[in-house]
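Please read the structure below before turning to the comments.
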Amino acid sequence: MTAIQIVLITGVLFILLYFLQRMQKAVLTVVLMILLSGTAVFFILQPERTNTIAHAIGVGRGSDLVFYISILLFWFVVLRLYARVRKLEEQITTLIRQEAIKNGEKHAG
């Protein structure tokens, strides 16, 4: 095992452990993260497999394939976070409106 493999696997495991501590109740998300981490460790240990898969689906190099998939995952995460922020903004707006109505009724009555 090379030094970069040790560094990358350690990084993946630290990210996984941090994620597992934060997301204990979201079972589906935890399972997905474990699968992604396992896949990452597999490809770190056997990088030639990415080339095999890349060639099979028409991509020139395995590193390009990993890059393309990373971009897709990045945009998925960005869009999920954006949707979550929008939902929180709507909830805050609703709460503020309700509180304003309550305060208005107190002062009017």
Estimated translational D of the range 31-103 in µm²/s (Stokes, Kirkwood radius over Cα pairs; 25 °C; 0.890 mPa s):
159 µm²/s
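What does the charge dipole of the chain about its Cα centre add up to, to the nearest 20 debye, if the Cβ of each Lys and Arg holds +1 and the Cβ of each Asp and Glu holds -1?
Numbers: 11 positive and 6 negative charges, 63 e Å.
With only Lys, Arg, Asp and Glu charged at Cβ, the dipole is about 300 debye.
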For the range 1-46, using Cα atoms only, the Rg and Dmax in Å read 11.4, 36
Would you work out if the range 62-109 is rounded, prolate or oblate? Take a ≥ b ≥ c from the square roots of the eigenvalues of the alpha-carbon gyration tensor; rounded if a/c is under 1.5, else prolate when a/b is larger than b/c, oblate otherwise.
prolate
Applied in sequence order to the range 4-17, the curve 6.51 cos²θ - 1.76 cosθ + 1.60 (Karplus, θ = phi - 60°) yields integer Hz couplings, x standing for Gly and Pro, of 5, 5, 5, 4, 5, 5, 4, x, 4, 5, 5, 4, 4, 4
Near-label residues of the range 67-100 by backbone N, under 20 Å of a point 7 Å along Cα→Cβ of residue 22:
70-89
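Each value in this text was obtained by applying a stated rule to the coordinates, not by laboratory testing. Just so you know, these numbers come straight off a predicted model, no measurement behind them. Glycine also receives a Cβ, built like all others from the backbone with ideal geometry; neighbour counts cover every protein chain displayed.
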